[in-house]
Amino acid sequence: MVNSSDSSSKGERMDKSMLLEVIGDTKENRILDFLIEGKGIDYTKKEIADGCDISRPTLYKVFLKLIKEGLVRPTRRIGRVQLYSLNMNSEKIKALLKLEEILLRKSFEQIENLQTKVQIPYSHTDKPHAIRQ
């Protein structure tokens, strides 16, 4: 993965994933993140570019590198359109999937801890009261 820090012509992504926060928000990483989020699904280059908020010319510049590195693979053709997905046999992809799993687990633990802190204790004789704003 490349750590270039140029932003897309459409601006910064508002919904940066936890994975991108850790590995860096590059064009290549956006593509991998998009394909990880939709793992098991194959996409056209247009769908990938749109889903990653990058232009198609930019996608064409970096996409071949991801294929050559074995991170993305062609899956099937529909007419003249080639579809692509993650190469689930790639050790790098397996490592990214494991990292995402760890990040999600950590996020869920933080949410559970926050929910535990927000609960208002009351005895069994008290009626729970609505919180007034």
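Do you know which residues across the stretch 27-41 are surrounded by fewer than 18 Cβ atoms within 10 Å (Cβ to Cβ) and of a type outside the set (A, V, I, L, M)?
Once the filter is applied, which keeps residues that are surrounded by fewer than 18 Cβ atoms within 10 Å (Cβ to Cβ) and of a type outside the set (A, V, I, L, M), the stretch 27-41 yields GLU37, GLY38, LYS39, GLY40.
Go through (1) among the polar types (S, T, N, Q); (2) out of contact with any Ser or Thr (no Cβ under 7 Å at 6 or more places or on another chain); (3) modelled with pLDDT under 95 one by one and return the number of the condition THR26 breaks.
Every listed condition holds for THR26 apart from (2).
What number of residues in the stretch 24-58 are over 17 Å from ASN87 (Cα atoms) and hydrophobic (A, V, I, L, M, F, W, C)?
So the answer is 3.
Taking only the stretch 33-78 into account, find how many residues are hydroxyl-bearing (Ser, Thr, Tyr), closer than 21 Å to LEU96 by Cα and touching a residue at least 40 places away in the same chain (Cβ under 8 Å).
1
Scan (1) at pLDDT below 95; (2) basic (Lys, Arg); (3) under 18 Å from PRO74 (Cα atoms) for the single condition LYS45 breaks and write down its number.
Here LYS45 meets the rest and fails (1).
Quick one: in the stretch 97-125, of everything that is among the hydrophobic types (A, V, I, L, M, F, W, C), over 19 Å from ASN29 (Cβ atoms) and outside any loop (DSSP other than H, G, I, E, B), which residue is modelled with the lowest pLDDT? Working first, answer last.
Step one: list which residues in the stretch 97-125 are among the hydrophobic types (A, V, I, L, M, F, W, C), which gives 97, 99, 102-104, 108, 111, 114, 118, 120.
Then drop every residue that is not over 19 Å from ASN29 (Cβ atoms), which leaves 108, 111, 114, 118, 120.
Those left that are additionally outside any loop (DSSP other than H, G, I, E, B): 108, 111, 114, 118.
Working: PHE108: 76, ILE111: 74, LEU114: 68, VAL118: 62.
The residue in question is VAL118.
For the stretch 51-70, enumerate the residues that are surrounded by fewer than 20 Cβ atoms within 10 Å (Cβ to Cβ) and within 14 Å of the chain's Cα centre (by Cα).
Within the stretch 51-70, GLY51, ASP53 meet the criteria.
Scan the stretch 71-96 for residues that are surrounded by 12 or more Cβ atoms within 10 Å (Cβ to Cβ), part of a strand (DSSP E or B) and of a type in the set (A, V, I, L, M) and report the count.
Total satisfying the criteria: 3.
The values are calculated or read from the model by the stated rules, or taken from the named source; none is laboratory data. All values derive from a computational prediction rather than experimental measurement. Methodologically, a virtual Cβ is constructed for each residue, glycine included, from the backbone with ideal geometry; neighbour enumeration extends over all protein chains shown.
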